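Everything below concerns the one structure shown next.
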Amino acid sequence: MGTFIIVGVLVLFLAAIFTGGYNKEFLHRVQGSRIWDWVTTVDHKKIGILYFGTGVFYFLIAGLQALLIRLQLAVPQNDLFTGDTFNELFTLHGTNMIFFVAMPMLFGLMNVAVPLQIGARDVAFPFMNALSFWLFFAGALLFNLSVFFGGAPDAGWTGYTSLALNEYSPGPGLDYYDLGIQISGIGTMLTAVNFLVTIINMRAPGMTFLKMPMFTWATLVTSGLILFAMPPLAVDLLLLMFDRIFDANFFDVAQGGNHLIWQHLFWIFGHPEVYIVILPAFGIMSDVISTFSKKPLFGYHSMVFATVLIGFLGFMVWVHHMFTVGLGPVVNSIFGVATMTIAVPTGIKVFNWLSTMWGGKIRFTTPMMWCLGFIITFVLGGFTGVMLAVPPADFQYHDSYFVVAHFHYVLIGGTVFGIFAGLYYWWPKFFGRMLNERLGKLHFWLFFIGFHMTFMPQHFLGFWGMPRRVFTYLPGLGLETPNLISTIGAFIMASGVLVLLYNVVYSSIRGEKASADPWDGRTLEWTIPSPVPEYNFAQLPLVKELDAFYHAKLAGKKGLEPAEPLGKIHMPSPTYLPLIMALGFFVSGFGWILRSYWIGALGLIIVFVTMYVRSFQKDTGYYIEPEELKSADKGAQA
């Protein structure tokens, strides 16, 4: 009842503000505030910052949850967090990291960098871009509110049935998990469509597909993966919702259901998801390594082919997560070989990065340090991945700490290292200032050393028989020292993150102002001022070759030849409708969790009414006149 009152008051309050019925003067003050500007923005750069900032927030929450897990496992027979509490902690940690940390932080980098790299003034659908963010925000918030309203989910981030059914998880925790991911997933699907259309249709004149930077290629392939990987997860979550809320029997074995349906559908999404979060990191590596080696990317065409091949093969390996369920030796062998095959295009990328650095004039900046750490760490994670691809060996490794070590080497040592490289690299385009290099390198070394201290011992814990998802272990089994080292390493990693936060605050106050091209870059984003103006490009550039800006500088030019005369630029208007639509989904999700169908229906009514209003909205945006562009250009040069 209390939750209903809170939601109801919030809806009425927002409705009053948005309609002006509360107080006209107050409404004008709100609409003129910076908060309103960010809440209603459709600018891809601001939405990228919102994505990234929200991802950082949940990264801190998930990191705190990880520290609590490691505190419990620091010594044998500890009773700090036991039983259901421990189950809730690792479920919250895993779900947050996969769905609400890695993906939004990558979407943030994509939103800021990709339109600039292809010479576009915005994404194809600015309204849908804002809606995508607010749906993600609503889903992440709904999921994490489970801690305060009724109990957190406790079936692991994979939500395996029958453990996730009402019989074994009777509280609302798994409903928060189910509906939070569903709502967030709608936003993810919309983002994928948006980037596909943007990259295919909005490239600068002359920029063919084989003149695109690798990060843009990675975004294109990732968006395709999302488009085909998210529907199986959506179906899976919908079936679980029907089982839990409407007493269906899709997964209840006693009633004729089959819990393997959940596993197949989940991992048909789950393994492409690995590449959804690692391919953008590969793209970041390619762009950063090329820039700081002062060389063109070695084997560009083979890198493009490898990226596409990884995306294609990513849908053919999901059963390696299920080698122990009894599908038989033939099926296991086929998927084992397929898993080993995907290592080939990944290996192509690693050798091409090394070849790019070979003979180059390497600058060991903070972004480059993260790239070097990425290569070392991700290759180690790849080796253990090939080990897990062998079905007989997987029977020994399965559900042990060896698997925990493997996927953290891939997803932290791969994805998070890549995100940090991209953060330091594109930070000037975010805010127009440089992050402090000395603090950045301190962040790198603390995180890098702490990471390997945390997860390297876990390989041996797996070899020595420690199962994952357990909250304690007996003394005298040789597990004490590796677990203690792992816990110490986790706190060293956390200290590195604190250095990053300090760096952000310090640099925002006293940081060096960034020029348009502080890294001597090669791609189009470095041709425009830092921070980037709202229209991105006063004149769209004419692209004649790969790394067009680099070749222009070699020819003694300050920039690229414009593809159009200077003229007025159309811009989309800000709007609060995406926030209202996301609020409707949030209210509806809360209603289904409370088993209050009329609240669930109310939320959907809010969604459809907002869609109706949007459909008949006659706002045609606004124009930036050439005179304003000329004055802005003079100010940037000054």
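A compact table of results
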{"item": "Counted charge near residue 487, where neighbours are those whose Cβ lies closer than 13 Å (Asp, Glu -1; Lys, Arg +1)", "result": "0"}
{"item": "Gap separating the Cα centres of the stretch 258-292 and the stretch 386-417, nearest whole Å", "result": "14 Å"}
{"item": "Under-5 Å amide H pairs with residue 516, H placed in peptide plane, nonlocal only", "result": "530"}
{"item": "With 10 Å bins from 0: P(r) over the stretch 373-436, alpha-carbon pairs, percent", "result": "22, 36, 22, 12, 7, 1"}
{"item": "Relative packing of 356-368, 284-296, which averages over residues the other C-beta atoms within 10 Å, highest first", "result": "284-296, 356-368"}
{"item": "Portion, in percent, of the accessible area of the chain that falls on carbon or sulfur, probe 1.4 Å", "result": "69 percent"}
{"item": "Pairwise label distance in nanometres, residue 334 with residue 79, each label 7 Å out on the Cα-Cβ vector", "result": "5.2 nm"}
{"item": "Derived scalar couplings ³J(HN,Hα) [the stretch 196-206; Karplus, 6.51 cos²θ - 1.76 cosθ + 1.60; whole Hz; x for Gly, Pro]", "result": "4, 5, 4, 5, 6, 9, 10, 5, 4, x, x"}
{"item": "Cα gyration tensor category, rounded, prolate or oblate, for the stretch 232-330 with a/c compared to 1.5", "result": "prolate"}
{"item": "Residue-normalised accessible area of the chain, expressed per residue, 1.4 Å probe, Å²", "result": "41 Å²"}
{"item": "Sum of -39500 (n - 2.57) over DSSP H runs of 4+, divided by residues of the chain (222 nm, nearest 500)", "result": "-22000 deg cm²/dmol"}
{"item": "Burial ranking of peptide ranges 498-508, 161-171 (average Cβ count within 10 Å, highest at the top)", "result": "161-171, 498-508"}
{"item": "The chain, relative contact order [Cα under 8 Å, separation at least 6], %", "result": "16 percent"}
{"item": "Gyration tensor (alpha-carbon) shape descriptor, the stretch 526-638, a/c threshold 1.5", "result": "prolate"}
{"item": "From phi via Karplus (6.51, -1.76, 1.60), per-residue ³J(HN,Hα) for the stretch 161-178 in Hz, x at Gly/Pro", "result": "8, 8, 4, 8, 7, 4, 4, 9, 10, x, x, x, x, 6, 5, 4, 4, 4"}
{"item": "Distance in nm between pseudo-label sites at residue 253 and residue 37 (7 Å out along the Cβ direction from Cα)", "result": "5.9 nm"}
{"item": "434, 611, ranked by accessible area, largest first (probe 1.4 Å)", "result": "611, 434"}
{"item": "Placed amide H near residue 258: partners under 5 Å, 5+ positions off or other chain", "result": "251, 252"}
{"item": "Solvent exposure, largest accessible area first (probe 1.4 Å, DNA, RNA and ligands not counted), of 512, 525", "result": "512, 525"}
{"item": "Longest to shortest principal axis, alpha-carbon extents of the stretch 570-618, angstrom", "result": "46, 15, 8"}
{"item": "For the stretch 333-480, convex hull volume per residue from C-alpha positions, Å³", "result": "144 Å³"}
{"item": "Computed accessible area, residue 429, all protein chains, 1.4 angstrom probe, square angstrom", "result": "0 Å²"}
{"item": "Highest-first arrangement of 577-584, 457-464, where packing means the average Cβ count within 10 Å", "result": "577-584, 457-464"}
{"item": "Per-residue ³J(HN,Hα) for the stretch 366-373, Karplus 6.51 cos²θ - 1.76 cosθ + 1.60, θ = phi - 60°, Hz, x for Gly and Pro", "result": "4, x, 5, 4, 5, 5, 5, x"}
{"item": "Inter-site label distance for residue 383 and residue 625 at 7 Å from Cα along Cβ, in nm", "result": "6.6 nm"}
{"item": "Electrostatic dipole magnitude of the chain [Cβ: Lys, Arg +1; Asp, Glu -1; Cα centre; debye, to 20]", "result": "1860 debye"}
{"item": "Under 5 Å, built H, 5+ apart or other chain: amide partners of residue 400", "result": "468"}
{"item": "Using alpha carbons only: equivalent-ellipsoid semi-axes of the stretch 164-305, gyration tensor based, whole Å", "result": "40, 15, 12"}
{"item": "Dipole of the chain, positive direction: furthest Cα of 107, 565, 596, with charges on the beta-carbon", "result": "565"}
{"item": "Residue 228-residue 438 FRET efficiency (beta carbon distance; Förster radius 41 Å; 0.05 resolution)", "result": "0.40"}
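The values are calculated or read from the model by the stated rules, or taken from the named source; none is laboratory data. Everything numeric here is computed off the predicted structure, so don't read it as measured data. Virtual Cβ from ideal backbone geometry, glycine too; neighbours counted across all protein chains shown. Ligands, DNA and RNA are stripped out before the accessible areas are found, and what is left, the full protein with its side chains, is counted by its heavy atoms. Shrake-Rupley method; radii C 1.70, N 1.55, O 1.52, S 1.80 Å.
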